[in-house]
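Asker: Sharing a structure here in structure tokens format.
The values are calculated or read from the model by the stated rules, or taken from the named source; none is laboratory data. Please read these numbers as outputs of a predicted model, since none were measured by experiment. Counting neighbours? That spans all protein chains shown, and the Cβs are built from the backbone with ideal geometry, glycine included. These accessible areas exclude ligands, DNA and RNA; they are computed on the full protein's heavy atoms, side chains included. Shrake-Rupley method; radii C 1.70, N 1.55, O 1.52, S 1.80 Å.
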Amino acid sequence: ELQIFSSYTNDLITRHDQRGLCLYVSPAIQPLLGYSVEEMLGQNPYFYIHPDDVRGVQDAYKSVIATKESGTYTLRFRTKNGVYRWLEANFKPLLDREGNIKEFVQTARDVSQRIEAEQKLRSSEEVLKSTLQNTPNVAIQRYNQEGKVVLWNTASEIMYGWKAEEAVGTSLDNLIHS
């Protein structure tokens, strides 16, 4: 049944034994990562995971083993041409009749575009924050819904005499009346 379902999805579906070796790999491996099914069968996926992501993946698996519940993690996986792609993987332990884990089923999809967009957004937010913080001669403040300061730039420090560390988290009323 797994083979029938997996041929109808673009998501990668795999089965792994307790050691991590691939017992089943869906045909989606070819367009997603460039490997053939045969190349991945019997392989340990840790060999293909970006070195900076291995510890997080190991920790996620340890949590799943301890709880026997599903887990999700995001990792970089090396494609056949050597480029890393961001994957979001969901995995679930399959239990035997006694409740022991006999293997894992995992689905994974390419989230590279989402991760790259998030990274670009964070970068542009940092540029904007730096610009606002360092704009000379223009006092810029931002307040949250409760009226507390969340941004107090350098010009505000000079103009009002309060350091950002003192102003952030304080209401404007408290700053004015103290």
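Asker: For region 98-125, which residues satisfy the criterion of being touching a residue at least 40 places away in the same chain (Cβ under 8 Å) and not hydroxyl-bearing (Ser, Thr, Tyr)?
Answerer: Across region 98-125, the qualifying residues are Ile101, Lys102, Glu103, Phe104, Val105, Gln106, Ala108, Arg109, Asp110, Ile115.
Asker: Within region 101-108, is there a residue that is in a strand (DSSP E or B), among the charged types (D, E, K, R) and exposed (fewer than 14 other Cβ atoms within 10 Å of the Cβ)?
Answerer: Yes, some residue in region 101-108 is in a strand (DSSP E or B), among the charged types (D, E, K, R) and exposed (fewer than 14 other Cβ atoms within 10 Å of the Cβ).
Asker: While we're on this one: Scan region 79-95 for residues that are more than 22 Å from Leu23 (Cα to Cα) and outside any strand (DSSP E or B) and jot them down.
Answerer: Asn81, Gly82, Val83
Asker: Scan region 114-137 and give yes if some residue there is loosely packed, with under 15 Cβ neighbours inside 10 Å, at positive phi and not small (Gly, Ala, Ser), otherwise no.
Answerer: Yes, region 114-137 has at least one match.
Asker: Taking the stated definitions as given, is Glu98 of a type outside the set (S, T, N, Q), part of a helix (DSSP H, G or I) and either over 19 Å from Ala60 (Cα atoms) or open to solvent by 60 Å² or more (accessible area, probe 1.4 Å) (or both)?
Answerer: For Glu98, the condition - of a type outside the set (S, T, N, Q), part of a helix (DSSP H, G or I) and either over 19 Å from Ala60 (Cα atoms) or open to solvent by 60 Å² or more (accessible area, probe 1.4 Å) (or both) - is not met.
Asker: If you don't mind, there's one more thing I want to ask. Output the residues belonging to region 126-178 that are part of a helix (DSSP H, G or I) and either touching a residue at least 40 places away in the same chain (Cβ under 8 Å) or in contact with a Ser or Thr (Cβ under 9 Å, 6 or more places away or on another chain) (or both).
Answerer: Hits for region 126-178 are Gln133, Asn134, Thr154, Ala155, Ala164, Ala167.
Asker: Exactly one of these conditions fails for Lys68: (1) over 17 Å from Leu21 (Cα atoms); (2) within 21 Å of the chain's Cα centre (by Cα); (3) surrounded by 11 or more Cβ atoms within 10 Å (Cβ to Cβ); (4) touching a residue at least 24 places away in the same chain (Cβ under 8 Å). Give me its number.
Answerer: Unmet for Lys68, out of (1) over 17 Å from Leu21 (Cα atoms); (2) within 21 Å of the chain's Cα centre (by Cα); (3) surrounded by 11 or more Cβ atoms within 10 Å (Cβ to Cβ); (4) touching a residue at least 24 places away in the same chain (Cβ under 8 Å): (2).
Asker: For region 14-31, how many residues meet the condition of being within 18 Å of Ile49 (Cβ to Cβ), open to solvent by 20 Å² or more (accessible area, probe 1.4 Å) and under 23 Å from the mean Cα position of the chain (by Cα)?
Answerer: Number of matching residues: 1.
Asker: Can you name the condition, by its number, that Lys80 falls short on among (1) within 30 Å of Glu166 (Cα to Cα); (2) surrounded by 10 or more Cβ atoms within 10 Å (Cβ to Cβ); (3) not small (Gly, Ala, Ser)?
Answerer: Only one criterion in (1) within 30 Å of Glu166 (Cα to Cα); (2) surrounded by 10 or more Cβ atoms within 10 Å (Cβ to Cβ); (3) not small (Gly, Ala, Ser) is unmet by Lys80, namely (1).
Asker: Which residues, taken from region 138-151, are open to solvent by 70 Å² or more (accessible area, probe 1.4 Å) and either in contact with a Phe, Trp or Tyr (Cβ under 9 Å, 6 or more places away or on another chain) or among the hydroxyl-bearing types (Ser, Thr, Tyr) (or both)?
Answerer: Arg142, Tyr143
Asker: Do you know which of the residues in region 163-178 that are within 19 Å of Lys129 (Cβ to Cβ) and of a type in the set (A, V, I, L, M, F, W, C) is surrounded by the most Cβ atoms within 10 Å (Cβ to Cβ)?
Answerer: Ala167
Asker: Then there's this: Report yes if some residue within region 44-55 is farther than 14 Å from Leu12 by Cβ, surrounded by 13 or more Cβ atoms within 10 Å (Cβ to Cβ), under 13 Å from the mean Cα position of the chain (by Cα) and touching a residue at least 12 places away in the same chain (Cβ under 8 Å); otherwise report no.
Answerer: Yes, region 44-55 has at least one match.
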